[in-house]
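One structure is given here, and the rest of the page talks about it.
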Amino acid sequence: MKKIAQILAITSLFSCSAAMAEVNVELDNDIHIVAINGESLGFTLLKDSDLELQNGVNQLVVRIEKLITSEYGEKEKYNSVPVVMTFDASDLNLQLSASKNIKNVKESIVFNKNPIFILKEPQAKTGLLVEQSILPSAGGFTRDYELEIARYNVKNNIALSDISAAVLEVENKDKIQTVENENSINTIAMVEHWYSKASGKEKEEFTELAFQSRKNNINLDEENNSKALDMMVHWYNESTTEQKKNVISWLFEQ
């Protein structure tokens, strides 16, 4: 029920009336919204839509997602480091863009060291006052953005609508993570290990198999002669349902 309430809360940001949503944010084409006010958007299609937010203090986690030119002249996907932006605004139409137009790998490396996003009114020469920084990772196989945001807000004394719930969530997730680390084999780390050793074809085949199976085990052809693929499938099948979801999320970003 809590998760359903969270999803409804996120959706309401995009569907509430003008009286309840008075800060409009137009996104540049390459801007990807990771989270809004502590709630991760996951794979929802709403994440790259223009935003409507309530007046007052809001917080976004954003990054650049686009194709850039590799050092070999080929196109490759670039996901910048996630940046958390906190700002106070009322009754404004704003535009959100990156400070640089990233075109190649060299520029992406420079940007990741000091990523800056600009939030401003369309005709303004200067941007809105925004507190922004790279969102620290909580570690692990995949990013847990809600946990990371909660930790960030507690550390930086940023008030959320329910700060006590955010603190409780940090404590609970930390306890759960400790138990998992002590009592279970990190099967997803083994999947990642063998994925790094696999060929491009093997990676594609494993990704397709994982997407098809989702929460179920993968049935691999007995005539398969690939050790890397065989080991990826083995450790995937040894994973819990939650670990399988994490593997699929990670594969989705590759």
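A single entry from F117, F111 fulfils the requirement of being more than 21 Å from N156 (Cα to Cα), surrounded by 15 or more Cβ atoms within 10 Å (Cβ to Cβ) and modelled with pLDDT of 95 or more: F111. Of the residues making up the stretch 82-114, just one is among the charged types (D, E, K, R), within 24 Å of E148 (Cβ to Cβ) and over 22 Å from the mean Cα position of the chain (by Cα), namely D88. Within the stretch 100-116, residues that are assigned by TED's automatic domain parsing to the domain that holds N79 sit with their Cβ atoms under 6 Å from residues that are part of a helix (DSSP H, G or I) and hydrophobic (A, V, I, L, M, F, W, C), at 6+ positions apart or across chains, in these pairs: K100/F111; I102/F111.
Which one is nearest to V34 (Cα to Cα), of the residues in the stretch 202-229 that are surrounded by fewer than 16 Cβ atoms within 10 Å (Cβ to Cβ) and in contact with a Leu (Cβ under 9 Å, 6 or more places away or on another chain)? Among residues in the stretch 202-229 that are surrounded by fewer than 16 Cβ atoms within 10 Å (Cβ to Cβ) and in contact with a Leu (Cβ under 9 Å, 6 or more places away or on another chain), the one nearest to V34 (Cα to Cα) is F211.
Condition (residue is of a type in the set (K, R), modelled with pLDDT under 90 and surrounded by fewer than 18 Cβ atoms within 10 Å (Cβ to Cβ)) applied to the stretch 85-100: is it met by at least one residue? The answer is no; no qualifying residue exists.
The values are calculated or read from the model by the stated rules, or taken from the named source; none is laboratory data. The model shown is predicted, which means the values in this text are computed figures rather than measured ones. Note that each Cβ is placed from the backbone with ideal geometry, even for glycine, and that neighbours are counted across all protein chains shown.
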